[in-house]
Amino acid sequence: MLKRCSDLILALIVGPLIIIPLFFIAAIINLTSQGPIIYWSDRVGKNNKIFKMPKFRTMRLDAPQVATHLLSSPESYLNPVGSFLRKTSLDELPQIWSIFKGDMSFVGPRPALF
């Protein structure tokens with residue numbers, strides 16, 4: 001309960017601070033590639049519950065729906081800003097939504113791919 005409460009308080013503090021970067025990144029993705037701005041990844045959470053975790057889309061629409069490490073040349077599927085977003089971890093900013101919902105936490109293991 002204390003961990004969830006601290007996650008909510010921290011998310012309420014961080015949320016407003018990242019609003020402008022979120023909109024800026026969303027606009028850049030929208031201007032540089034077709035398709036949705038957010039990619040919803042199926043992840044395994046607590047008690048093996050599957051949830052959808054949002055990330056900024058870094059791959060082109062024709063990229064195979066597999067884990068990036070399984071692709072022979074993942075760089076060839078990145079959208080124009082995908083490499084930068086991944087290197088800086090800015091693609092993970094929308095995950096604050098999953099923290100608000102309680103699907104994940106600021107501290108703890110990264111949710112596994114489904």
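One residue stands out in region 64-85 among those that are within 20 Å of residue 109 (Cβ to Cβ) and not hydrophobic (A, V, I, L, M, F, W, C): the one that is surrounded by the fewest Cβ atoms within 10 Å (Cβ to Cβ), namely 69.
The single residue among 17, 2 that is out of contact with any Lys or Arg (no Cβ under 8 Å at 6 or more places or on another chain) and modelled with pLDDT of 95 or more turns out to be 17. Residues in region 31-58 that are basic (Lys, Arg), surrounded by 11 or more Cβ atoms within 10 Å (Cβ to Cβ) and at pLDDT below 95: 43, 46.
Candidates in region 58-79 are the residues that are small (Gly, Ala, Ser) and assigned to a loop (DSSP other than H, G, I, E, B); of these, the one that is nearest to residue 112 (Cα to Cα) is 67. Inspection of region 86-108 finds no residue satisfying the criterion of being at pLDDT 95 or above and part of a strand (DSSP E or B). For region 19-57, filtering for residues that are over 19 Å from residue 77 (Cβ atoms), basic (Lys, Arg) and outside any strand (DSSP E or B) leaves 2. For region 74-112, residues that are small (Gly, Ala, Ser) and within 20 Å of residue 5 (Cα to Cα) total 4.
Checked against (1) in contact (Cβ under 8 Å) with a residue 40 or more places away in the chain; (2) loosely packed, with under 13 Cβ neighbours inside 10 Å, residue 61 meets all criteria but (1).
The values are calculated or read from the model by the stated rules, or taken from the named source; none is laboratory data. Please read these numbers as outputs of a predicted model, since none were measured by experiment. Ideal geometry is used to build each Cβ from the backbone, glycine not excepted, and the neighbour counts take in all protein chains shown.
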